[in-house]
Ligand code: PGA
C-alpha cells in the first residue's frame, strides 16, 4: 500500500491523474474501472484537459463502470452513468463499444452482472480501478459487512448512503439498491487507486488505515492488495496523521 498526501484537492487530483495515466500507459491491456462521485471529478478534468491538448491518447482504453443505482441508467439525470457521460465519456467522445456500464433499469440485473464479468475477462482483466469512499466506508456500492468474495452483484444500500446519495440529484430519489463491481473484482485488478478529500472523510480514512482487516470495513481488505494506492488531501488525512 502507498499513501500520497497532497495539500489541496487540486494537487491530489493532479497527482492521481498522473499516476493513473502512467499505470494505464505502461500496461498492455488498458481497462479502467471508473467511479462516479464528486471525489474523482478533479482527476477526470485533468485527464480530459490532457487529451484535449493533444498531450495524451487514450483511444486504446476500455472502461467498466464501478456501480449504478438500481432503477437508473444514463438517461436518468444524476445517475452514475449520467455523471460520467457528462464529465468524461462525452467530452472525450469515447466509443460506447469501449464502455461496459451497469444498466440499473434492466429487467435482468443478474445478466448485467454477468456481462460486466465477461467484459472484464475478455479484456484481460482490470488494469486500474478508481474508487472514492463513503463516509460510512462503502466502496462502489459495497457497504460495510459485504462479503469480500463477491464479484458484481446487486446490493442493498445503507440508510446513510441513501441519504448522502441525494446530493447527486435535483429531486428526492429512492436509492434502496445498487448494482456494483465486487470486492473480489477489485482485489483482482492490477492497481486500485482510492481517493478521498475533505474533513468529512478524515474519520473513515483513519479507520481504513488503522482498523483490523475485516469485511466489517471492506476497504481495509484492500490493504492486502499489492497495487493499492491511497490519495488524500490534507483535510482527509488529518486524523490519520500522528500529531
Ligand atoms: P463522493 O462519493 O466522492 O461523492 O464523496 C464517494 C462514494 O460514495 O463512494
- line: If we ask which residues in the range 195-227 are outside any helix (DSSP H, G or I), touching a strand residue (DSSP E or B) at 6+ places or on another chain (Cβ under 8 Å) and either within 16 Å of the ligand (Cβ to nearest atom) or on the phi > 0 side of the Ramachandran plot (or both), their number turns out to be 4
- prompt: Considering the range 28-48 alone, what residues qualify as being part of a loop (DSSP other than H, G, I, E, B) and either closer than 20 Å to residue 117 by Cα or at pLDDT below 95 (or both)?
  reply: 28, 29, 30, 35, 36
statement: Residues of the range 158-194 being within 13 Å of the ligand (Cβ to nearest atom), in contact (Cβ under 8 Å) with a residue 40 or more places away in the chain, farther than 27 Å from residue 22 by Cα and crowded, with 17+ Cβ neighbours inside 10 Å, in sequence order, are 165, 168, 175, 178
query: Considering only residues of the range 132-145 that are touching a strand residue (DSSP E or B) at 6+ places or on another chain (Cβ under 7 Å) and outside any strand (DSSP E or B), which is nearest to the ligand (Cβ to nearest atom)?
result: 132
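The values are calculated or read from the model by the stated rules, or taken from the named source; none is laboratory data. What you see is a predicted model; the values in this text were computed from it and never measured. Backbone-built Cβ (ideal geometry, glycine too); neighbour counts: all protein chains shown.
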